[in-house]
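A quick write-up on the structure given underneath.
The values are calculated or read from the model by the stated rules, or taken from the named source; none is laboratory data. As the structure is a computational prediction, the values presented were derived from the model and not from experiment. Note that we place each Cβ from the backbone using ideal geometry, even for glycine, and neighbour counts take in every protein chain shown.
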Amino acid sequence: MLSGKTIVLGVTGGIAAYKAASLCSKLTQKGADVHVIMTSSAKQFITELTLQSLSKNAVFSDTFDERDPSVVSHIRLADAADLVLIAPATANMIGKMAHGLADDMLSTTLLATMAPVMVAPAMNVHMYGHPAVQENMRILEQRGVMMIEPGEGLLACGYVGKGRMEEPESIVAVVERYFADKEQVKPGLLQGKKVVVTSGGTIERIDPVRYITNDSSGKMGFAIAKAAREMGAAVYLIHGHTDTAPPAGIDAEAVQSADDMYQAVLKHWQDCDLVIKAAAVADYRPAETSSSKIKKKGDMMTLDLVKTVDILEQLGKNKTNQFLIGFAAETHDVEVYAKDKLVRKNCDLIVANDVTAEGAGFRSDTNIVQVYDAKGLVEQMPVMSKDEVARRLLTIAAERMNGAVN
Ligand code: CTP
C-alpha cells in the first residue's frame with residue numbers, strides 16, 4: 001500500500017516515543033521509505049539505533065550534523081517527503097509548528113517542507129485540554145495540517161483521560177487511507193473553475209431564542225467543497241447550521257436563513273461554473289419573526305408559516321452556462337421525487353438518496369446515492385464515505401462540463 005512513498009517520521013520527546021518504533025516498523029513493512037528525525041528529548045525515551053535499524057535509514061536529530069557535504073539534510077528530507085508524520089507530537093512541538101519556530105532539525109524541516117503534514121499528539125490530559133495547546137492545534141488545522149486525535153485511557157502520568165497517542169496500527173491505517181484517497185483525485189479536473197457549494201441546514205427564526213431547522217450535519221457539502229478544491233477549483237462554501245467547523249483553507253461564509261443563503265449564492269452566481277446545492281434548505285419560515293421572546297399563553301399555539309425562496313429553482317430558471325447539481329433527500333419513492341426535482345428545478349444532475357437507509361443520510365459519514373440526469377440514471381453508487389461520493393460526483397460533473405460526456 002505504501003510502496004514508493006517517502007515518509008519523514010518526526011519523533012518528539014514524550015513517553016509515547018516508544019510507540020514510534022512499532023509505527024516505524026509497520027510503515028516500513030507496508031513498503032514506505034521512512035526517514036526518522038528525532039528531537040533531542042525523544043532520544044531520552046528511545047535510541048537512534050532502534051529507529052535506524054527499523055527504518056533501514058540514517059536517523060537525524062542535529063541540524064548541523066551534515067553527513068553528506070553535497071546536500072543540506074533538512075532541505076533534502078523536506079523535499080523528498082510525500083508526507084511528514086509527527087508521532088508522537090508533544091505540546092512543545094505543536095506550539096513551535098503553530099508559531100513557525102525552527103530551532104531543531106525537525107521544526108526546521110517542517111518549515112521547509114511543501115509536503116502534507118500529519119500530527120499525532122500525545123501528552124497529559126490537562127496539557128491537551130490547555131487553551132494554548134487547543135489554540136495551536138486549531139491554527140495548524142486551519143493551515144491544513146491533519147490531526148490524528150489522541151485516544152482516551154490511562155496515561156503514563158497516572159491520569160485517565162484524553163492524551164494517549166493513537167495506536168500505531170490506527171495511525172498506519174490513517175496514512176494508508178490518506179494516500180488511497182489522494183490517488184482517487186484527478187488534480188486538474190476542475191482547474192480554473194469557480195465552484196459554489198451550499199451545505200448544512202438553514203435556520204428560520206421564530207423569536208430570539210427559538211428557530212426551525214433540520215438534521216443536516218453539513219458533512220456532504222463539506223466533503224464536496226474539499227474534493228472540488230483538490231481538483232483545482234476556486235471554491236466558495238456557503239453553509240447554514242452544521243455539526244462541525246467548515247474544512248480549513250476554504251473560503252466559507254456562514255448564513256442562517258434560506259433567504260440569507262440565496263443572497264450569498266447570488267453574489268457568486270454570474271461568474272460561477274458549477275453550483276452544488278447540498279444544503280437542506282427550509283421550505284417554510286415563520287410568517288413573522290418576533291423581536292421578543294414569545295410568552296406562553298393557552299394550551300394550543302399556531303405558528304403561521306410562509307414559503308421560503310426555492311434557491312435551486314431560481315438558479316435553474318436563470319441558468320446561462322452554469323452547471324447545476326441539486327440534492328434530493330427522500331424517505332420513499334426516491335427515484336420518482338428525484339427525477340421530478342431535476343426537471344422542476346432545471347438541474348444538470350440530481351443526487352438522490354434514501355435518508356432512512358442504513359449507511360446513508362444526514363449525520364452519517366457514509367452515503368448511498370444515485371445520480372440522475374435528464375436521460376435517467378447516471379450512476380448508482382454503493383455505500384461509500386462522503387469524501388468518496390464527493391470525488392465521484394465531481395468527476396461525473398467535470399466530465400460533462402468539459403464535454404467529455406454528453
Ligand atoms: N432547495 C433550495 N431551496 C429550497 C428548498 C430546497 O435550494 N427552499 C434545494 C436543496 O438544496 C436541494 C434541492 O433543492 O438541492 C431539493 O431539496 P428538497 O428539500 O429535497 O426538495 P424540495 O423542493 O424542498 O421538495 P420536498 O421538500 O417536497 O421534498
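Among residues of segment 376-392 that are in the same structural domain as ASN346 (by TED's automatic domain parsing), those with a Cβ under 6 angstrom from a residue that is assigned to a strand (DSSP E or B) and of a type outside the set (A, V, I, L, M), sequence gap 6+ or separate chain, pair up as GLN380/GLN370; VAL383/THR366; SER385/THR366; LYS386/ASN367; VAL389/ASN367. All of LEU274, LEU349, LEU315 fail the test of being within 10 Å of the ligand (Cβ to nearest atom) and crowded, with 17+ Cβ neighbours inside 10 Å, apart from LEU315. Scanning segment 133-166 for residues that are touching a residue at least 40 places away in the same chain (Cβ under 8 Å) and closer than 30 Å to ASP251 by Cα gives VAL133, ASN136, MET137, ILE139, LEU140, GLU141, GLN142, ARG143, GLY144, VAL145, ILE148. In this structure, is GLN263 in contact with an Asp or Glu (Cβ under 9 Å, 6 or more places away or on another chain), closer than 16 Å to VAL197 by Cα and at pLDDT 95 or above? Answer is no for this residue. Among the conditions (1) more than 24 Å from ASP354 (Cα to Cα); (2) within 16 Å of the ligand (Cβ to nearest atom); (3) out of contact with any Lys or Arg (no Cβ under 8 Å at 6 or more places or on another chain); (4) touching a residue at least 40 places away in the same chain (Cβ under 8 Å), ALA329 misses just one, which is (1). Going by the structure shown, is ALA338 in the same structural domain as THR242 (by TED's automatic domain parsing), out of contact with any helix residue (DSSP H, G or I) (no Cβ under 9 Å at 6 or more places or on another chain), hydrophobic (A, V, I, L, M, F, W, C) and near the ligand (Cβ under 9 Å from one of its atoms)? So ALA338 fits the description; yes. Filtering segment 377-403 down to residues that are among the acidic types (Asp, Glu) and more than 16 Å from the chain's Cα centre (by Cα), which residue is nearest to ASP340 (Cα to Cα)? My answer is GLU379. Taking the numbered list (1) modelled with pLDDT under 95; (2) crowded, with 19+ Cβ neighbours inside 10 Å; (3) among the hydroxyl-bearing types (Ser, Thr, Tyr) in turn, THR356 passes all entries but (2). When ARG164, ARG177, ARG138 are screened for being crowded, with 17+ Cβ neighbours inside 10 Å and among the basic types (Lys, Arg), only ARG164 passes.
Please find, within segment 352-376, the residue that is nearest to the chain's Cα centre (by Cα) out of those that are within 16 Å of the ligand (Cβ to nearest atom) and of a type in the set (D, E, K, R). By that ranking, first place goes to ASP354. Among helices (runs of 4 or more DSSP H) entirely within segment 81-195, having at least 1 residues that are in contact with a His (Cβ under 8 Å, 6 or more places away or on another chain) and at pLDDT 95 or above singles out 91-99, 105-112, 131-142. For segment 287-305, the criterion of being within 13 Å of the ligand (Cβ to nearest atom), at pLDDT 95 or above and either of a type outside the set (A, V, I, L, M, F, W, C) or not assigned by TED's automatic domain parsing to the domain that holds ILE224 (or both) is met by no residue.
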